Structures are given as C-alpha cells and as structure tokens.
Number of protein chains: 2
Amino acid sequence: MVFEQLALIGCGLMGGSFALAAREAGLVKRVSGYSRSAHSAQRAQALGVVDTVAATAEQCVQGADLVLLAVPVASTEATLRSLLPGLAPHALVMDVGSTKQDVVLAAQAAMGERMAQFVPAHPICGKEVAGIEHADAKLYQHQQVILTPLPCHAQATVAQASEVWRRLGCRVRELAPALHDQALAAVSHFPHMMAFAFMHSLMAQPEGEQFLALGGPGFRDSTRIAAGDADLWCDVLLANSGPVLAQAQGLRRALAELEGLVQRQDRPALRGLIAQVSQRRADWRMAGDIAPPPPSSPAD
Amino acid sequence: MVFEQLALIGCGLMGGSFALAAREAGLVKRVSGYSRSAHSAQRAQALGVVDTVAATAEQCVQGADLVLLAVPVASTEATLRSLLPGLAPHALVMDVGSTKQDVVLAAQAAMGERMAQFVPAHPICGKEVAGIEHADAKLYQHQQVILTPLPCHAQATVAQASEVWRRLGCRVRELAPALHDQALAAVSHFPHMMAFAFMHSLMAQPEGEQFLALGGPGFRDSTRIAAGDADLWCDVLLANSGPVLAQAQGLRRALAELEGLVQRQDRPALRGLIAQVSQRRADWRMAGDIAPPPPSSPAD
C-alpha cells in the first residue's frame, strides 16, 4: 500500500509527526500541507515535513488519496466543509482528534453521504509541546490508535485505515464513538483535568512556590501532563464534558473515602485499599508495550 | 571524610541504596546490617550490600560512626530505643523518613539528650518497588535531601550530615520540620493519595478494566506513583494526616472550579486557567536537575 499524495490539513505536532512517519514508512510519495495560519505550513515546508504548501484546504486535498485532518476538534466541521469540493471520491480521510462523538457528528454534518470516506481515528499519544517544530517521526511508534467506524463504512475502507496506522508502528483497535469518549475521559481527559486542578491548587497557596521547589521525581512524572497545550485541552474537556464530569465525580467519591480513612486513622482499611490499587497499577502494562497479537483477518 | 563503619538499620530499598552509594563514594569502609526480618539482612549480605549481619539493632551500631535508620517512620521510636545502648557518643545518626515532625518527636522521646546525634533527613526519591533486591547505588544521585536540624544540633554535626549526602550526589537543603511536612504533603504525599484515589475510582467502575486497557503515555506517567508500596504510604499518610487532608481540600476546591467552567462551557475562563497552570508546569524544573550553587559556608 502506497499513497500518491498525503494532504496534511493542520501543520502542528500531531499532523507533522504523521507526515514524517508516513514518509519514513514509505507509505506516501509526496505531502501537501495546509494550515489556517500560513506560517505553520511554511515552517512545515522549511523543515521538510511537507513538499508543497496550499493556499486553501480545498487546494491541499486536490490530487490526494490520503487526507489527515489534524486540527482542533472544534474546527472539524468547518474544515471538512471547506476541503470537500476538492476531495477525490476514492480518497481516505482520517482525523487525530481526542474525542470522537463530536467529531462524528461534525463530519456527518459536513460530509453527508461522503461520510463513508472519513474514518474517525484517535492515536493515544502526544507531547506537552505543540507546534510543527516538535514533530517527531517516532511519536506514533508502539502507540495505540482507536478507530470508531460507523455502519456507513465499508469493511475495505476500515481495513485500509487500520493498515495506515499499523505501518506507522501502531496497535489499532475499534470502538464505538460513545465508548471511546467514556474510556478516554477516564484514562486521559479527566487525568489532565485533575493535573490542571492540582497545579491550580498548589499555585493558589501562599507557600505554593516554596512547595514547588521541593518536588521530586514523583511530582515530575505525575504532573507532566499538566503542561499540556491549553487550546487543545480546553477544546477536549468542553467537547467531552459529560464523561469528564462523571469521572470528576468518581474521583471526588474515591478521594472522600480515602480522606475518611486518614481522618479516622483507620490503618487496616487504608492499607488494604492502597495495597489493592497499588497492585493493580503495578500489574498494568501500556497496550503499546505488549507484544501485538498475530495479524488478524480484516475487521468485521 | 571517611567513616569506619556504617550501621544500616533496616535493609530495604532506601537503606540498601544508601549503603551501596556510600561504599561507591568511598564514604564508608565497612557496613553492618540489621533488619527486623532476619531474611532481609541476610539477602543484603548475599547481595554484597552489607558485610556483616547483626542479631540486634544494638549489636549493629557497635563500632559504627555512621548510622542510617531506614525503617518505617512509625517504628522510629522503638528502633532508636533498642539501638541506643550500643551507640557510640560520636556516631552520627540519620533517617530517611518521608515525614519529619513525627520522626523528631519519636527521636526526642527515644534519645533524650542524645538527640544532638540524630539529624533528621529526608531524601526526596524512591521507587515503586520495595525491598533490598531493588537497591540501587544511583538512587540518590541528583536528588534533593531535606535536613530538619533543631536548636540542639551543633553546626559541625549538621555540616557533617550535609556532607554525607553531598558525597552521594545530592543537593541538600534545611527546613523546619513543620514546613517540611507541609511542603511534602503538597508535592508528594497528597499526589500519592490522589493517584491512589484515582485508581480506586477507575477500578470501582464496571467498565474500569476496559478503560484501563486504553491508557497511554499520559496515564502511565501520571499514575506511576499509584504503584507505591502500601505499607510505606499508609504510614506516611497517617503520620502526616493534617497537611495531607489540607491539600485534599485544596484539590477539591480547585477541581470544583474547573468542573464549574466545563459545566458552563466557559471557554475563555477555562482556557485562561489551563494556560496559566500549564505554563507554570512547563517552566518547572526539578531541583536536582538544576546545576547546584557554588559550595556554601557551613549551615548556620
């Protein structure tokens, strides 16, 4: 499988990394790039991430058989509307958005019957830094990608979409959009919100800066995600607010339980609770780090 | 500065790593070990971490000019009482406990006037795995150590204590015990409690296991500390309950603020809050990673 032309719509960290990785994997022959701010696309060209810069999204997708939409999820509908007139009927379109129900609704509104060309995708990875300067051909390696295909999607289209990510070194799974959003709220979106809240709480204390100076490796790792890009995470939390708020309530309940045990100095119960969660976390492995299963037949 | 004999009281991860590092740094000539469970001390000897195994803490400190107490903070008083009869008047004693007010009280109760020999110390590092098998000569390198000396401590004693840690590659700071406990509650103890609560909340959901399978690098890093040793962390949270519960309340407040913004879909305010905390976290550096200042005059 080789694509003649990848159209990269949005020249930031995620899109740029995809273009670099796709080229390295021999998956695409040339790359056209478009970004809302002309500067990003020009930087992408200067860095060798895209070969040509297009003035509009519509021009960018002309001649492309693979299109990657790497824009804020809130821009999905408007961006798809603008590129649609230039899109070839056989081109495969995917996104990289962290939420999927809103992306599906936006894509359906923009594409109508041509939704069959758009396979929603979410690679579960990223960096704390945004922008094409940080694009990294290895970003997707050993990471999980969730596809959320719909009944309108042909088996062959989904299989082709899967193969694209597999060629970049990803493990691919399929999930219903609603389940995707609930799961990602639990293991990604809410953890970010909790990390933001934790930093906010620290900074609100008069001694906050003094305390921050004493953070060690545990602090460093547990708050790494609090440095996430503000635009991206604001977008994600608002787009997936229902499941995110449900997780916040769950954390609130669990924290109250632990606080109660500490307050009552209930050592056996506290030890039991910590031992249970600590064991589960010690046993946990990131899916990308587990050897993939043998190649399976095309998804059904 | 070379010590004739290090007495290691408690042969676990922290103590074993100290012994290995001290030997590597040429800081100690020989090491005697004692542990409550004979098995740990014997393993330490088999692994070459200690040269000899003592049957009691009192025997272990005989002939020692440096004593490291590496036992659960709740065992501090009893352990010091038991070793005191064997302790030489010139020996320097330190601990590695994560809380300091309770350690100071326990040490004062056990040692009385000989408290001047005991300099409370807390190296801010660790691993998610306990036990002598995981002892690591590099554990303390580039890490911060907090000493909490009291008016009873001679300047020379504190300077000697500082020098021990510096020789292991640590940055050393001094703090009052109460401030230490507040600061560590903020950047270490409560983050562990929050991580335990978060895992507890995930595991309490019917789809929890399914969600866990989708965790990526952000989940991995932000929950690493949730795998912490149950005995150690139960001990720490109960010993430092006041400051820990105060931090829990702060998080609760900050989280409620974020939840309100998400619920009201208040994009400008949410973006502003995230941008502020994200910038602060991006600018943060772990003290151990910052080049140390030029050598200072002895602490006063």
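The values are calculated or read from the model by the stated rules, or taken from the named source; none is laboratory data. Since we're looking at a predicted model, the values are computed, not measured. We place every Cβ from the backbone using ideal geometry, glycine too, and count neighbours over all the protein chains shown. Surface areas here come from the heavy atoms of the whole protein model, side chains and all, with no ligands, DNA or RNA. Shrake-Rupley method; radii C 1.70, N 1.55, O 1.52, S 1.80 Å.
Within the range B:167-208, the set of residues being more than 9 Å from chain A (Cβ to nearest Cβ) and outside any loop (DSSP other than H, G, I, E, B) comprises B:167, B:171, B:172, B:174, B:177, B:178, B:181, B:189. Filtering A:161, A:227 for residues that are small (Gly, Ala, Ser) and in the same structural domain as residue A:25 (by TED's automatic domain parsing) leaves a single hit, A:161. Among the residues making up the range B:261-278, those that are more than 7 Å from every other protein chain (Cβ to nearest Cβ) and either surrounded by 13 or more Cβ atoms within 10 Å (Cβ to Cβ) or touching a Lys or Arg at 6+ places or on another chain (Cβ under 8 Å) (or both) are B:261, B:266, B:269, B:272, B:276.
Selection of the range B:43-56 for residues being out of contact with any Lys or Arg (no Cβ under 9 Å at 6 or more places or on another chain), crowded, with 16+ Cβ neighbours inside 10 Å and over 20 Å from residue B:140 (Cα atoms) yields B:43, B:45, B:53, B:54.
Residue under question is residue B:283, and the condition is that it be more than 7 Å from chain A (Cβ to nearest Cβ) and open to solvent by 50 Å² or more (accessible area, probe 1.4 Å); does it hold?
Judged against the criteria, residue B:283 is a match.
Here the condition is being among the hydroxyl-bearing types (Ser, Thr, Tyr), open to solvent by 10 Å² or more (accessible area, probe 1.4 Å) and more than 19 Å from residue A:86 (Cα to Cα); of A:40, A:17, it holds for A:40 alone. Taking the criterion of being assigned to a loop (DSSP other than H, G, I, E, B) and either at pLDDT 95 or above or open to solvent by 10 Å² or more (accessible area, probe 1.4 Å) (or both), the residues of the range A:217-256 that qualify are A:223, A:229, A:240.
Let's see how each residue does on (1) over 23 Å from the mean Cα position of the chain (by Cα); (2) crowded, with 21+ Cβ neighbours inside 10 Å; (3) among the aromatic types (Phe, Trp, Tyr):
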| site | (1), (2), (3) |
| --- | --- |
| B:63 | yes, no, no |
| B:73 | no, yes, no |
| B:77 | no, no, no |
| B:86 | yes, no, no |
| B:95 | no, yes, no |
| B:98 | no, yes, no |
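Restricting the range B:122-134 to residues that are of a type in the set (A, V, I, L, M), out of contact with any Leu (no Cβ under 6 Å at 6 or more places or on another chain) and farther than 18 Å from residue B:177 by Cα, the residue that is surrounded by the fewest Cβ atoms within 10 Å (Cβ to Cβ) is B:129.
Sub-6 Å Cβ pairs linking a first residue in the range B:231-250 that is more than 9 Å from chain A (Cβ to nearest Cβ) to a second residue that is assigned to a helix (DSSP H, G or I) and open to solvent by less than 10 Å² (accessible area, probe 1.4 Å), at least 6 apart or interchain, are B:236/B:189; B:240/B:181; B:240/B:185; B:240/B:189; B:243/B:181; B:243/B:185, ordered by first then second residue. If the condition is being open to solvent by 10 Å² or more (accessible area, probe 1.4 Å) and touching a residue at least 12 places away in the same chain (Cβ under 8 Å), then the range B:187-211 contributes B:188, B:192, B:194. Please tell me if residue A:145 is assigned to a helix (DSSP H, G or I) and buried (at least 21 other Cβ atoms within 10 Å of the Cβ). No; evaluated as a whole, the condition is false for this residue. Residues considered: B:184, B:214. Of these, the only one that is at pLDDT below 95 and open to solvent by less than 10 Å² (accessible area, probe 1.4 Å) is B:214.
Listed here are the residues, each with its yes/no results for (1) at negative phi; (2) buried (at least 20 other Cβ atoms within 10 Å of the Cβ); (3) not in a loop (DSSP other than H, G, I, E, B); (4) not hydroxyl-bearing (Ser, Thr, Tyr).
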position	(1), (2), (3), (4)
A:136	yes, no, no, yes
A:151	yes, no, no, yes
A:156	yes, no, yes, yes
A:161	yes, yes, yes, yes
A:164	yes, yes, yes, yes
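The residue of the range A:139-149 that is farthest from the other protein chains (Cβ to nearest Cβ), among those that are touching an Asp or Glu at 6+ places or on another chain (Cβ under 9 Å) and on the phi < 0 side of the Ramachandran plot, is A:149.
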